[in-house]
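Engineer: Mind having a look at this structure? Questions to follow.
The values are calculated or read from the model by the stated rules, or taken from the named source; none is laboratory data. The model shown is predicted, which means the values in this text are computed figures rather than measured ones. Don't worry about glycine lacking a Cβ; one is built from the backbone with ideal geometry, like all the others, and counts go over all protein chains shown.
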Amino acid sequence: MTGIICSLIRESYPYLKTSVLEEIVWFVEQMVTKARAPACRGVYVLLVRQISANVKDQRSALLNRLMVDLSSKYADTWLFSEAQNSETPFSSLIFIKFLRLIEEHYLPEFLQLRQKEIQVCLKIWNSNQEECYQIGREFLRIFINICHHIPEFQKICNDL
């Protein structure tokens with residue numbers, strides 16, 4: 001089932017209706033909470049990769065809100081903690097994507113969303129710090145741009 005959804009996202013994302021997108025996110029949440037299916041990470045990553053930093057794109061803004069809420073709810077669960085044992089760098093992919101979005105969401109209307117993104121990044125950093133270190137230069141470039149404006153990231157500065 002996840003293979004079909006992954007194909008649908010990869011090949012047809014621009015054509016998906018908002019209701020279908022919401023249903024896919026709902027399905028991923030069910031896989032996380034009820035099935036504890038590690039295969040949901042592939043769908044999760046594909047959805048996060050579809051989020052654009054373009055602040056005028058309503059569809060991307062909706063997906064961003066849905067995925068931040070989902071990540072916020074489940075950052076302390078098996079979804080992220082058991083990801084350290086997987087072959088693909090799940091937590092660091094989510095971490096770097098939300099860092100990039102934090103960098104773009106500086107306008108006042110995105111303050112609440114940005115705060116949620118910061119909280120998700122902090123949760124991921126606290127539970128999967130070693131995996132986040134593997135990001136390397138890209139992490140440092142983005143982090144240097146935003147750390148001075150976000151007091152919550154002082155802990156990460158101290159860790160570095």
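Results for (1) over 20 Å from residue 126 (Cβ atoms); (2) within 13 Å of the chain's Cα centre (by Cα), shown as yes or no for each residue.
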site: 33; (1), (2): yes, no
site: 41; (1), (2): no, yes
site: 51; (1), (2): yes, yes
site: 74; (1), (2): no, yes
site: 81; (1), (2): no, no
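Engineer: How many residues does the range 13-31 contain that are over 17 Å from the mean Cα position of the chain (by Cα) and touching a residue at least 40 places away in the same chain (Cβ under 8 Å)?
Structural biologist: 1
Engineer: Taking the range 5-30, which residues are in a helix (DSSP H, G or I) and surrounded by 14 or more Cβ atoms within 10 Å (Cβ to Cβ)? Give the steps one after another, and end with the answer.
Structural biologist: Filtering the range 5-30 down to residues in a helix (DSSP H, G or I) leaves 5-15, 18-30.
Within the range 5-30, 5, 6, 8, 9, 13, 21, 22, 24, 25, 27, 28, 29 meet the criteria.
Engineer: Right, next: So which residues in the range 141-156 are hydrophobic (A, V, I, L, M, F, W, C) and surrounded by 12 or more Cβ atoms within 10 Å (Cβ to Cβ), if there are any at all?
Structural biologist: Matches in the range 141-156: 142, 143, 146, 147, 150, 153, 156.
Engineer: Mind checking whether some residue in the range 115-138 is over 17 Å from residue 157 (Cα atoms) and over 14 Å from the mean Cα position of the chain (by Cα)? Show your work before the answer.
Structural biologist: Initially, the range 115-138 is screened for residues over 17 Å from residue 157 (Cα atoms), giving 115-117.
Remaining after also requiring over 14 Å from the mean Cα position of the chain (by Cα): none.
No, that holds for no residue.
Engineer: Can I ask one more? Can you name the condition, by its number, that residue 123 falls short on among (1) over 21 Å from residue 80 (Cβ atoms); (2) in contact with a helix residue (DSSP H, G or I) (Cβ under 9 Å, 6 or more places away or on another chain)?
Structural biologist: Of everything listed in (1) over 21 Å from residue 80 (Cβ atoms); (2) in contact with a helix residue (DSSP H, G or I) (Cβ under 9 Å, 6 or more places away or on another chain), residue 123 misses just condition (1).
Engineer: Taking the range 117-137 as the region of interest, how many residues are small (Gly, Ala, Ser) and over 16 Å from residue 79 (Cβ atoms)?
Structural biologist: To start, the set of residues in the range 117-137 that are small (Gly, Ala, Ser) comprises 127, 136.
Now drop any that are not over 16 Å from residue 79 (Cβ atoms), which leaves 136.
Selection size over the range 117-137: 1.
Engineer: In the range 117-135, how many are free of Cβ contacts under 8 Å to residues at least 40 places away in the same chain and either aromatic (Phe, Trp, Tyr) or surrounded by fewer than 17 Cβ atoms within 10 Å (Cβ to Cβ) (or both)?
Structural biologist: Within the range 117-135, the first condition is being free of Cβ contacts under 8 Å to residues at least 40 places away in the same chain, and the residues that meet it are 118, 121-122, 125-126, 129, 133.
Then keep just the ones that are either aromatic (Phe, Trp, Tyr) or surrounded by fewer than 17 Cβ atoms within 10 Å (Cβ to Cβ) (or both); that gives 125-126, 129, 133.
Counting residues in the range 117-135 that are free of Cβ contacts under 8 Å to residues at least 40 places away in the same chain and either aromatic (Phe, Trp, Tyr) or surrounded by fewer than 17 Cβ atoms within 10 Å (Cβ to Cβ) (or both) gives 4.
Engineer: For a quick check of your reading: which helices (runs of 4 or more DSSP H) sit entirely within the range 31-116 and have at least 3 residues that are crowded, with 20+ Cβ neighbours inside 10 Å?
Structural biologist: Working: elements: 40-49, 58-74, 78-81, 90-104.
Counting at least 3 such residues, we get 40-49, 58-74, 90-104.
Engineer: Right, next: Could you tell me which of the residues 95, 90, 80 is closer than 22 Å to residue 32 by Cα, touching a residue at least 40 places away in the same chain (Cβ under 8 Å) and touching a Ser or Thr at 6+ places or on another chain (Cβ under 8 Å)?
Structural biologist: 80
Engineer: Scan the range 135-158 and tell me whether some residue there is modelled with pLDDT under 80, basic (Lys, Arg) and part of a helix (DSSP H, G or I).
Structural biologist: Scanning the range 135-158 turns up at least one residue that is modelled with pLDDT under 80, basic (Lys, Arg) and part of a helix (DSSP H, G or I).
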